[in-house]
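Undergrad: Can you keep this structure in mind? I'll have questions shortly.
The values are calculated or read from the model by the stated rules, or taken from the named source; none is laboratory data. Note that this is a predicted model, so its numbers are computed, not measured. Quick reminder, even Gly has a Cβ in these numbers, built from the backbone with ideal geometry, and neighbours come from all protein chains shown.
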Amino acid sequence: MHAAIKRTIGIRRGAGLYQVIASAVLAMGTLALALPAQADTVKVGVLLSFSGPAAVFGLPERDAILALQKEVAATPINGHTLQLVFFDDKTNPTEATRGATQLISDDGVVAIIGPGTGGGILAAGPIAERLKVPLLAPAGTVAITDKANSFAPWIFRVAINDQVGVKTLLGGAVKNGAKRVGVFYQEDAYGKFGNDYAQKLAGELGFEVVESVSAPYTATDLTADATKLRNANVDTVFMQVSISSLGASFLKAAQQVGLKAQIYANSGLSQKSFIDAAGPLGDGVHVLSIGNLPYDPTPPEQKLAAILEKNGEHPQGWGEVVGSNGLMAVVAALKKINGPVTGENMRATLETLCGFDTLSMGRACFSKDLHDGWLDDALVVTTIHDGKFRSH
C-alpha cells in the first residue's frame, strides 16, 4: 500500500476516523482517494476492522477497496463522484455503532461497506435502519440477514451466508469419511452459529457431533480443548474460526496432545495469515474458501490479483474478495441511479442488482427477498499443501 495512505490512516487512529485529507492527496501525487468536491459527490463509508483481532481480514478488505477505487471509480460514475470515508471499528461492536452513527450523521455517507464482523453488523443494524443507510456486510454470520430483524432490509451480505458454507464444508468432510465430529469454535455469534448448525446438520448429512469446545479470540493455550476432543475419539475436527492466530494455536495444541483427526476449517481461515501462523502444522488442513485468490485464482480473481499487485499489495485471501464485492456493488448501484443519491434510493437500487460485474467467483444477485448476494457457486474447498491453499 502507498506509504502516504498508511501515514494518513495512522494519523487519527485514536479517534477511529480515517478521513482522507487534502495533504494526503497532495502527498500521493496523481493518486486521489477523494476527488475534488462536486455537487453530486457521493460519500460511502468503509467501516471495517483495521485493528484488533479481526484486522487480519479487515486490512486486506481495506486494501482491495483502496486499489479498486483507483481502477473503477477514479472518474465519475454515471455523473457521480465517489468519495470514501474510513472508520476503524477496532473489532468492537460498540465502535461499530459509533462509527456507523458518525459516518452517516457527520459525514453524510449514503452506504457503508461494513462493519467488519457479524457482531459489529448486528450492533450497527438498528442505526442503519433508523438513519436509512444500507450496510454492505462482509460477514457470514447468519443472523445479519435474518428477516426477523426489523433492520434486515438495510443489510446486504457481500460474503457467503454461513448456512451455505458450513453445509458445503461438512458435506465434503462426510465424503472423506467423517463420522465422529468434534467442533472447535470462537466465542462470538459466528462461532456459536457454526457449532449449533453443525449439530443440526448431523442427522441430515450422516455424522455425529460428539464434543464441542470454544475459546475467545485471544486464547493461546488450547491444550485443554484439544485434549477434550482427543478423549472424545473424534475422527474429524470442524473449526468455526476466523482469527488466524486462534486457528494456528489450535493446530499446535492438537499436535501437542496427539489429536489425530482430519481438520476442516470454515472460510474465515482462508487467509495467507493462517498459513503463515500455522506453518508446517497447516499441511493437510481442509479450508473452505470464497474463491482462491492467492493461489488458484479464477479469471475474475486474476483481474483482482493484478489490480492489487499493481498497487503494491500481495493477495491474502477472502478479505480482498469480499471487500471488492462491497465496492463493486456500490459501483453497480451508482451506474443505475440518475440524479441525487440517498441512502434510501441506494438501498432500493441494490435490491435490483443481479448479474452485475464483480471480481469474484459466482454470480452476484440481490433481490427484495434475498439480501445474500453470493451463494455456493462462489465457494471452493481447498487443502493446504506446502504452504499454499490448493483448490480441489
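Undergrad: Keeping to the stretch 131-165, report how many residues are modelled with pLDDT under 95, assigned to a loop (DSSP other than H, G, I, E, B) and of a type in the set (A, V, I, L, M).
TA: The total comes to 1.
Undergrad: Applying the selection to the stretch 245-293, what residues are buried (at least 23 other Cβ atoms within 10 Å of the Cβ), touching an Asp or Glu at 6+ places or on another chain (Cβ under 8 Å) and touching a residue at least 60 places away in the same chain (Cβ under 8 Å)?
TA: If the condition is that a residue be buried (at least 23 other Cβ atoms within 10 Å of the Cβ), touching an Asp or Glu at 6+ places or on another chain (Cβ under 8 Å) and touching a residue at least 60 places away in the same chain (Cβ under 8 Å), then PHE250, ASN266, GLY291, ASN292 are the ones that fit.
Undergrad: Filter the stretch 360-377 for residues that are touching a Ser or Thr at 6+ places or on another chain (Cβ under 6 Å) and among the small types (Gly, Ala, Ser) and give the result.
TA: If the condition is that a residue be touching a Ser or Thr at 6+ places or on another chain (Cβ under 6 Å) and among the small types (Gly, Ala, Ser), then ALA364 is the only one that fits.
Undergrad: Any idea which of ALA128, ALA198 is part of a helix (DSSP H, G or I) and not assigned by TED's automatic domain parsing to the domain that holds VAL234?
TA: The match here is ALA128.
Undergrad: Right, something else. Being closer than 25 Å to TRP374 by Cα and of a type in the set (D, E, K, R) narrows it down to one residue among GLU95, GLU61; which is it?
TA: None of the others qualify; the one that does is GLU61.
Undergrad: Within the stretch 372-392, identify whether any single residue is farther than 18 Å from GLY291 by Cβ and in the same structural domain as SER105 (by TED's automatic domain parsing), and answer yes or no.
TA: The answer is no; no qualifying residue exists.
Undergrad: What single numbered condition from (1) in contact with a strand residue (DSSP E or B) (Cβ under 8 Å, 6 or more places away or on another chain); (2) surrounded by 23 or more Cβ atoms within 10 Å (Cβ to Cβ); (3) of a type in the set (Gly, Ala, Ser) fails to hold for ALA67?
TA: (1) is the only condition that ALA67 fails.
Undergrad: Could you pull out every one of the strands (runs of 3 or more DSSP E) wholly within the stretch 216-323 that has 3 or more residues that are modelled with pLDDT of 95 or more and out of contact with any helix residue (DSSP H, G or I) (no Cβ under 9 Å at 6 or more places or on another chain)?
TA: Ranges flagged: none.
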